[in-house]
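Presented below is the structure to which this report refers.
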Amino acid sequence: MLVFSHIDCARHVTPPGHPERVERLAAVERGLTGLTLERRECPVGEEADVLRCHPASYLARVKAAVPKDGWAQLDGDTFLSPGSYDAAMRAVGGICAAVDAVVSGEVKTAFVAGRPPGHHAERDIAMGFCLFGTVAIGAKRALDHHGLNRVAIVDFDVHHGNGTQDLLWDEGRCLFVSSHQMPLYPGTGRPEEKGAHGQIMNLPLRGGGTGHDMRHVYERVVFPALEAWQPELLLISAGFDAHADDPLAGLEWRAEDYAWLTRHLCGFAGGRVVSTLEGGYDLDALAASVAAHVAVLEERGR
């Protein structure tokens, strides 16, 4: 399998005390230690790929907001530093390169260890630490550039992927499934939010829910939906903040739950899976969860 990363993603520097911090990348690297992986650098993303999901006016606004020093604030918890735009474009380039490699048959599985995350960024709104809708951009790359007919995204971050939902609301070729704690930020993700073509599936989970509860929901609802959809490519918004030790939420998953879930998700789309990093803010839990997740991707990618 392939792992995409780039030093530029560490140049997105958030203010002291911010949970989405540079040290997350070191935790991810700890999780990857000892695994048999082919490493590649994320290329710089192309604006044309961003524009499949975001309007040109929004792209220009983000670029113009990048400060020469210090920080610029785009919303209550989303900041730009001088390196943030380059980092975000590396994350975009990474997922597009990962999609290219998997769709072409070069490899079966890939993981993009980039930041900032992406699943909260809406068409023209930066929020929730996110600038561009990375996983949605990857899905559109598969559909529009490679000509696939059916793609699926599974988002198991503890927070609802409101940005992905917004960007793909009218996209009938992409099934979007989000499991998330509710009530919790950003307050979206009710079951009745189904998309323009009924292709969006939201699965709210109660605070305090365990990995056992998650397994029941996925076995009963998600796996049958994926089986019916028959995707040609599966993308994962891999947020690890449902872990019991994470400070920003209240689910009780463990690293072994991510391994179980990843193993089952790799049973779809002929095993063609691209995963991209979203949340996960306890550094030890993040390292352990990434290790569990990527170990399965590596095993299934052989």
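DSSP assigns beta bridges within the chain; of those with both partners inside it, close to 15 percent run antiparallel.
Quick one: dipole size for the range 114-231, taken about the Cα centre, charges +1 on Lys/Arg Cβ and -1 on Asp/Glu Cβ, in debye to the nearest 20. Present the calculation step by step, with values, prior to reporting the outcome.
Values: 11 positive and 13 negative charges, 37 e Å.
My answer is approximately 180 debye.
As a test of the formula, what do you get for the chain when each DSSP H run with n ≥ 4 contributes -39,500 (n - 2.57) and the sum is divided by the residue count, at 222 nm and rounded to the nearest 500 deg cm²/dmol? Show your work: numbers first, answer last.
On the way: 10 runs with 100 residues, N = 302.
Dividing the helical sum by the residues of the chain leaves -9500 deg cm²/dmol.
When each of the peptides 182-191, 87-96 is scored by the mean number of other C-beta atoms lying within 10 Å of its residues, the order from highest to lowest reads 87-96, 182-191.
Cα convex hull of the range 1-125: how many Å³ per residue?
Per residue, the Cα convex hull of the range 1-125 comes to 105 Å³.
How do 7, 153 rank when sorted from fewest to most other Cβ atoms within 10 Å of their own Cβ?
Numbers: 7 12, 153 27.
The fewest-first ordering by Cβ neighbours comes to 7, 153.
This model, with +1 at the C-beta of Lys and Arg and -1 at the C-beta of Asp and Glu, gives the range 250-302 a dipole about its Cα centre of some 380 debye. Protection proxy ranking of 213-221, 156-164, by the mean of other Cβ atoms within 10 Å over each peptide's residues and highest first, is 156-164, 213-221. A Cβ-based charge dipole, computed about the Cα centre of the chain with Lys and Arg at +1 and Asp and Glu at -1, lands at about 440 debye.
Per-residue counts of other Cβ atoms within 10 Å, averaged by peptide: what ranking do you get for 130-138, 257-265, highest first?
On the way: 130-138: 30.2, 257-265: 21.3.
By packing density, highest mean first, the sequence is 130-138, 257-265.
Rounded to the nearest 0.05, the FRET efficiency derived from the C-beta distance between residue 210 and residue 40 at R0 = 41 Å is 0.70.
Computed from backbone phi, the HN-Hα couplings of the range 9-22 come to 5, 8, 9, 8, 9, 9, x, x, x, 6, x, 8, 10, 4 Hz, rounded to whole numbers (Karplus: 6.51 cos²θ - 1.76 cosθ + 1.60, θ = phi - 60°; Gly and Pro given as x). For residue 275, the residues 5 or more places off, or on other chains, whose built amide H falls under 5 Å of its own are 110, 111, 112, 236.
Let's test the formula: R0 of 25 Å, r as the Cβ-Cβ distance of residue 192 and residue 124. What FRET efficiency results, to the nearest 0.05? Mind dumping the intermediate values first?
Values: r = 24 Å, r/R0 = 0.96.
Given R0 = 25 Å and the Cβ-Cβ separation, E is 0.55.
Could you give the Stokes-Einstein D for the range 129-273 in µm² per second, using the C-alpha Kirkwood radius, 25 °C, 0.890 mPa s?
Values: Rh = 15.2 Å.
Value of D from the Cα-based Kirkwood radius: 162 µm²/s.
For the range 202-281 versus the range 146-189, the spacing of their alpha-carbon centroids is 12 Å. Neighbours of residue 260 by Cβ distance under 12 Å: Lys/Arg scored +1, Asp/Glu scored -1, total 0.
What are the semi-axes of the equivalent ellipsoid for the range 2-300, taken as the square roots of 5 times the Cα gyration tensor eigenvalues, largest first, in whole Å? Provide the component values of the computation, followed by the final result.
Numbers: eigenvalues 122, 90, 80 Å².
After scaling each eigenvalue by five and taking roots: 25, 21, 20 Å.
Positive end of the dipole of the chain (Cβ unit charges, origin at the Cα centre): among 204, 218, 36, the Cα lying farthest that way belongs to 36.
Read-outs: derived from the displayed coordinates by stated rules, not from any lab. Since we're looking at a predicted model, the values are computed, not measured. Cβ: placed from backbone, ideal geometry, glycine included. Neighbour counts: every protein chain shown.
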